[in-house]
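The values are calculated or read from the model by the stated rules, or taken from the named source; none is laboratory data. What you are looking at is a predicted structure, and each value in this text was computed from that prediction instead of being measured. Every residue, glycine among them, receives a Cβ derived from its backbone with ideal geometry; neighbour counts consider all protein chains shown.
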Amino acid sequence: MFKKVFLGALFALMAVSANAQFEAGKKYVNLSTSSLSLSYSKNDKLRLNVGAMAGVFVADDWMLYAQAEYNHKRLMYDRLVKIGRKIHQDEVLLGVGGRYYIEQNGIYLGLGAQFAHHEQSFDNFYITPEVGYAFFINQYLTIEPAVYYQMSLNDFSDASTVGLKLSVGFTF
């Protein structure tokens with residue numbers, strides 16, 4: 001009996017503290033990586049990625065954000081002929097987007113738009129939907145795994161990417 005009451009109180013406390021994190025006016029910063037090689041694109045053999053995000057909750061559960069990313073890619077051999085036989089490719093991405101957090105369970109739904117500049121002097125534009133989970137370590141710090149789809153508007157079939165990323169977020 002005591003165990004059930006204790007667990008019920010613990011879950012209720014976690015729900016109350018999680019709800020407080022998604023209030024209007026709260027600020028958010030995030031560092032992420034998808035460098036675990038848990039992404040797939042027809043062009044890439046290996047991708048190393050690091051990114052940063054800053055956002056603000058404009059209403060309860062709704063966050064708007066800006067982000068920057070850096071990708072270093074090792075390209076598939078058959079794609080090398082098309083880009084002048086260069087094996088590596090670097091790109092810088094800048095983007096904006098929004099997230100909706102479901103307070104009851106910590107799941108979030110996101111949609112972003114990113115502009116990418118590649119070192120070979122061509123640009124790309126991506127639309128990036130994602131689904132993730134905000135696991136609270138304490139009232140400020142979260143670990144956020146997410147599944148994303150980076151849809152290229154310039155080369156849909158070859159340059160689009162699906163993957164898993166892991167990030168650490170801080171809400172204040």
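Some notes on this structure:
- Note on region 124-172: residues that are acidic (D, E) and under 20 Å from V96 (Cα atoms) amount to 2.
- Residue match in region 106-125 (condition: surrounded by fewer than 13 Cβ atoms within 10 Å (Cβ to Cβ), in contact with a Phe, Trp or Tyr (Cβ under 8 Å, 6 or more places away or on another chain) and either assigned to a strand (DSSP E or B) or modelled with pLDDT of 75 or more (or both)): yes
- Matching residues in region 109-130 - criterion: being over 14 Å from D155 (Cα atoms) and of a type in the set (G, A, S): G110, G112, A113, S121
Rundown of residues vs (1) among the β-branched types (V, I, T); (2) touching a Ser or Thr at 6+ places or on another chain (Cβ under 8 Å); (3) touching a residue at least 60 places away in the same chain (Cβ under 8 Å), yes/no style:
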| residue | (1), (2), (3) |
| --- | --- |
| N105 | no, no, no |
| Y108 | no, no, no |
| F115 | no, no, no |
| N124 | no, yes, no |
| I137 | yes, no, no |
| I143 | yes, yes, no |
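- Where strands (runs of 3 or more DSSP E) fall entirely within region 12-103, those with at least 2 residues that are modelled with pLDDT of 60 or more, under 18 Å from Y133 (Cα atoms) and polar (S, T, N, Q) are at 27-33.
- When we screen V131, V92 for residues that are without any contact (Cβ under 8 Å) to a residue 40 or more places away in the chain, over 21 Å from V56 (Cβ atoms) and under 13 Å from the mean Cα position of the chain (by Cα), the only hit is V131.
- Residue list for region 150-172, restricted to those being within 27 Å of K27 (Cβ to Cβ), not in a loop (DSSP other than H, G, I, E, B) and not small (G, A, S): Q150, L164, K165, L166, V168, F170, T171
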